[in-house]
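This report concerns only the one structure given below.
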Amino acid sequence: MPVISYRRCLLILIMLFQSLSVLAEHKMMVLEQGVQIPQPDWFKESFLDLGEDIEEAADAQRNLVLYFHQAGCPYCYNLITQVFRDPVVNARMQQSYDLIALDLWGDRSITLPDGSELTEKEFAVKLRVQYTPTLIFLNADGSPQLRIDGYRPVDTFLKQLDQLQAKALPLASPADEIGAKTLDIPIGKPVAIQFVSDDCDHCLEFDVDILERSDTQQLLNNFTYITIDLEGNPQITLPDGTRLSAKQWASKLGLSYFPSWLLLDAQGIEQLRIDAYVRAFHFNSALEYVSEHEYLREPEFQRFINERGDRLRAKGLKLEILE
């Protein structure tokens, strides 16, 4: 079974005792069909010459942020209306960053620091943008400092800013004690690996709201399902024989949100990861994308999501994207 029943019962009991105010913080706002997502007036108006934009930001002792979005994206809508409107987030973003909005499917021409030109959608493919929103924080030399693939609620977004601005230590350190448990990542069948930690703000919500669903469990049955507890820090053996601790692996992967998911194919090769807050439709789409080998046909996950949504609607199903 994908989920242990005892653990599920425990999680449900814990959530029942959480305060209503805490639960309200995680509520997603619905984007009505046809409604345009507003763009804050503090976003940078740019001629899309990234070399100049990086220099201008550095001269002002700021950093440049690239924000990939798309029309109708409910997670982009919540980033704008919830996260960026939070007073603390708003003040810190305006104080320290120049943010440029780029359309995932856009045709505007972008000049890269090396002088080459790409359209917005070509640039998104080059950077392997698979989720919207995606935020890429750049150093003064134009190299990526932090990448946030997908939506983060206010609390976790602020944690990311804290870690970025404090230049926090990596998740793993030499002093970490490796746990007694050992775990081999198998091959021969797709593998779904969930990374969790004790201070995970949204793990309980994900377990109850999404992993409890029958459609999600049915899709997970196509995988070998593994949960890795970073606090226990077990010794991991990867399919290629590499041995490292769970924290070392998570740090090497650059995971920064929990629960995070790593979806491997039957040969143990990563095909997709989910390092952000998602709801059932997008999570289930990711499971189908990997288990059905759709990545071989359609390398852009966002296009597959749109296709899957159209297919389900054609069957008469009503989709609640944020359910």
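With respect to being under 14 Å from the mean Cα position of the chain (by Cα) and part of a loop (DSSP other than H, G, I, E, B), F258 fits the description.
Filtered by the rule that a residue be without any contact (Cβ under 8 Å) to a residue 24 or more places away in the chain and at positive phi, the range 292-317 gives a lone residue, G316. Scanning the range 214-229 for residues that are over 23 Å from H293 (Cβ atoms) and in contact (Cβ under 8 Å) with a residue 24 or more places away in the chain yields a count of 3. Here D53 fulfils each of the conditions (1) surrounded by 19 or more Cβ atoms within 10 Å (Cβ to Cβ); (2) charged (D, E, K, R); (3) within 21 Å of the chain's Cα centre (by Cα) apart from (3). The requirement of being of a type in the set (A, V, I, L, M, F, W, C), under 26 Å from P144 (Cβ atoms) and in contact with a Ser or Thr (Cβ under 8 Å, 6 or more places away or on another chain) is satisfied by L230. Once the range 223-244 is narrowed to residues that are of a type in the set (S, T, N, Q) and assigned to a loop (DSSP other than H, G, I, E, B), the residue that is farthest from the chain's Cα centre (by Cα) is T242. Looking across A57, A140, one residue alone is part of a helix (DSSP H, G or I) and in contact (Cβ under 8 Å) with a residue 40 or more places away in the chain. It is A57. Of everything listed in (1) buried (at least 19 other Cβ atoms within 10 Å of the Cβ); (2) touching a Gly at 6+ places or on another chain (Cβ under 9 Å), the single unmet condition for Q33 is (1).
Residues are listed down the side, and each one gets a yes or a no for (1) in contact with a helix residue (DSSP H, G or I) (Cβ under 9 Å, 6 or more places away or on another chain); (2) of a type in the set (K, R); (3) under 19 Å from I269 (Cα atoms):
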{"residue": "V191", "(1), (2), (3)": "no, no, yes"}
{"residue": "F195", "(1), (2), (3)": "yes, no, yes"}
{"residue": "E205", "(1), (2), (3)": "yes, no, no"}
{"residue": "E212", "(1), (2), (3)": "yes, no, no"}
{"residue": "Q217", "(1), (2), (3)": "yes, no, no"}
{"residue": "G232", "(1), (2), (3)": "yes, no, no"}
{"residue": "R243", "(1), (2), (3)": "no, yes, yes"}
{"residue": "K247", "(1), (2), (3)": "no, yes, no"}
{"residue": "S251", "(1), (2), (3)": "no, no, yes"}
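Every condition in (1) among the β-branched types (V, I, T); (2) buried (at least 18 other Cβ atoms within 10 Å of the Cβ); (3) assigned by TED's automatic domain parsing to the domain that holds L263 holds for V129 except the one numbered (3). Restricting to the range 84-104, name every residue that is surrounded by fewer than 15 Cβ atoms within 10 Å (Cβ to Cβ) and either at pLDDT below 95 or in a loop (DSSP other than H, G, I, E, B) (or both). Scanning the range 84-104 gives a single hit, R85.
The values are calculated or read from the model by the stated rules, or taken from the named source; none is laboratory data. It should be emphasised that the depicted structure is a prediction, and the values quoted were computed from it without experimental measurement. Note that we place each Cβ from the backbone using ideal geometry, even for glycine, and neighbour counts take in every protein chain shown.
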